[in-house]
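Every number here is computed from the coordinates shown, using simple stated rules; none is lab data. From a predicted model like this one, the values you see are computed outputs, not experimental measurements. Backbone-built Cβ (ideal geometry, glycine too); neighbour counts: all protein chains shown.
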Amino acid sequence: MRNPAVTSGDGAAPPSRASRTGTPGRVDGARLLDRIERFAAIGRGKDGGINRLGFSETDREARTCLAREARHAGLETVIDAGGNVLIRCPAGNGDRPGKPRVLIGSHLDTVANGGKLDGAYGVLAGLEVLETLNASATDTSCEVTVVAFANEEGALFPQPFWGSMVLAGRVDDLPSDPVDYSGKPLRDALALAGGDLSDLRSAAWPPGSLAAYLELHVEQGPVLERLGKPIGVVDSITGRTQFTVVIHGEPGHAGTTPMEGRRDPLITASHAIIAVQRLAREEELCRVATVGWLEVSPNSSNTIPETVRFSVDLRDSSAKRLAAAEATLSGALASVANRGNVRISVEGTIRTDPVQTDDRLREAIAASAKDLGLAYERLPSGAGHDAQVVANITSIGMIFVPSIGGVSHVPWENTAPDDLVAGADVLLQTVLRL
């Protein structure tokens, strides 16, 4: 166990936070950890991986469970047209006219066979903070709302950051009639989740309506664990460009169609995927470039494919570099399409610019960690988060806690219990400072 005391401090490390009950300045660690484990059971597979793809049945189960937990805590919940779950203290509890609003959030959906903490930790810690404030009748200087954003991952419906884009008013950047990877409409799944595709604009929060947005998250990388520090103060979030490449060829019999003249989209896809990797590895136009999903149709061992679809994910801290990488890949795709005598198209492009976190919020997070006797490190986020979308309408701050082994998006994703509670304590103290 690391020593959580501030590097410059001379006091002994505080006792374990995991069994502590809540006070106005501290969360109830045992309650938070219990909730995390109970939510981890929703969508858990035989190997321990969590399958709560956005707008799936298990995702809806988790959202229903969250609303139930909030009601039992004496809090109020509402679902907006985008499918986001919003949690507030009851009307009249600390309300004052003109009180600034602070949003705390993350997401409950997971990647396929993912971990228990990515996203869910931030939502449940936000709920814990709000429950602690409500139970102690603490009169904060701001009105706190917790949000569980819908479909952050885009693992089933390939529109990641769906909920935060709706809340931030970026409806025009979303497809008008989105479908999942198998062609099923989002409209129906969104309705089952309590949303309404025809009324998305009603869920937008205009610029100026929020004083700040805070997100607590596991780091998903190795830095904090290697440094032995329980808190990360995020200074920036990487930019991300995502789209689907579709290659149309000509199907045929695998045994009777001569090699000469074949229009095989899978062969072209292999060259295209190498071109994606080359962007980051050889040309160094972006920090990372990934193809994580591929679909072949008709996907038969004795048939030349007709269509191949695959995802592209480009990330970098510079918007200019991302644009250059995308343009270079566009040229490479045209070249391999011409060579293979196939047609290539690009669908569903989503561009999320890199953002800086707010100076004032960074200082509030750092001061909160220091007051709690917790060592912290300033670091960038290599993963994308809802926070960078909400940055379109307000200032943002992010808190990280260590990821054991530096891993995420896997069944064994984990963080030490004391670190989970410490992160929630820092979140609470940061809210009290605003």
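Would you kindly derive the ³J(HN,Hα) couplings of the stretch 316-324 from the backbone phi angles with the Karplus curve 6.51 cos²θ - 1.76 cosθ + 1.60 (θ = phi - 60°), listing them in order in whole Hz, with x for Gly and Pro?
Each residue's phi maps through the Karplus curve to give 6, 7, 10, 5, 5, 5, 4, 5, 5 Hz.
Pop out the ³J(HN,Hα) list for the stretch 293-309 in order, Karplus 6.51 cos²θ - 1.76 cosθ + 1.60 with θ = phi - 60°, rounded to Hz; leave Gly and Pro as x.
Per-residue couplings from phi come out as 9, 9, 10, 10, 10, x, 6, 10, 5, 10, 10, 5, x, 9, 9, 10, 10 Hz.
Which one of VAL276, ASN338, PRO265 is farthest out on the positive end of the charge dipole of the chain, using unit charges on Cβ (Lys, Arg +1; Asp, Glu -1) and the Cα centre as origin?
Looking along the dipole axis, the top candidate is VAL276.
How big is the shadow of the Cα convex hull of the stretch 240-352, averaged over all directions, in nm²?
Projected area, direction-averaged: 6.7 nm².
Fewest to most neighbouring Cβ within 10 Å: what's the order for ASP173, ASP316?
Ranked by crowding around the Cβ, least crowded first: ASP173, ASP316.
Fewest Cβ neighbours within 10 Å first, please rank HIS248, HIS107 accordingly.
In order of increasing Cβ crowding within 10 Å: HIS248, HIS107.
For an R0 of 56 angstrom, estimate the FRET efficiency from the Cβ-Cβ distance between THR349 and ALA137 and round to the nearest 0.05.
So the FRET efficiency works out to roughly 0.70.
Grab the Cα-Cα distance for ASN338 and ARG38, subtract it from 0.36 nm times how many residues apart they are, and report the gain in nm with one decimal.
Roughly 102.7 nm would be gained on extension.
Binning at 10 Å from 0, report for the stretch 311-412 what percent of all alpha-carbon pair distances ends up in each bin.
11, 30, 29, 18, 9, 3, 0
Excluding residues fewer than 8 places away in the same chain, name every one of the aspartates and glutamates whose C-alpha is closer than 14 Å to that of LYS320.
Result set, ordered by chain and number: GLU284, ASP353.
Explain nothing, just the number: relative contact order of the stretch 240-352, from Cα pairs under 8 Å at least 6 residues apart, as a whole percent.
Computed value for the stretch 240-352: 44 percent relative contact order.
I want to check the label-to-label distance for THR256 and VAL78. Put each point 7 Å from Cα in the C-beta direction and report it in nm to one decimal.
Placing both labels 7 Å along Cα→Cβ, they lie 6.4 nm apart.
Taking the Cα-to-Cβ direction at SER330 and at SER209 and moving 7 Å from each Cα, how far apart do the two end points lie in nm?
3.3
Would you mind ranking ASP139, ASP419 by Cβ crowding within 10 Å, fewest neighbours first?
Least to most surrounded, the residues fall as ASP139, ASP419.
From Cα pairs below 8 angstrom and at least 6 apart in sequence, can you work out the relative contact order of the stretch 287-395, rounded to a whole percent?
Computed over the stretch 287-395, the figure is 18 percent.
Alpha carbon centre of the stretch 148-181 versus the stretch 253-288: separation in Å?
29
Taking the Cα centre of the stretch 63-137 as the origin and placing charges on Cβ (Lys, Arg +1; Asp, Glu -1), which of ALA91, HIS107, LEU124 is farthest toward the positive end of the dipole?
Going by the charge dipole, the pick is ALA91.
Below 19 Å, Cα to Cα, which lysines can LYS229 reach? Residues fewer than 8 away in the same chain don't count.
In chain and number order, the partners are LYS370.
Say each of HIS271 and ILE404 gets a label point 7 Å from the Cα, pointing the same way as Cα to Cβ; how far apart are those two points in nm?
So the label points at HIS271 and ILE404 sit 4.7 nm apart.
Which value in deg cm²/dmol, rounded to the nearest 500, describes the helix-derived mean residue ellipticity at 222 nm for the chain, given -39,500 (n - 2.57) per DSSP H run of n ≥ 4 and division by the residue count?
-10000 deg cm²/dmol
If you fit an axis through the alpha-carbon atoms of helix 120-135 and take the longest principal axis of the Cα set of the chain, what angle between them do you get, 0 to 90°, nearest 10?
20
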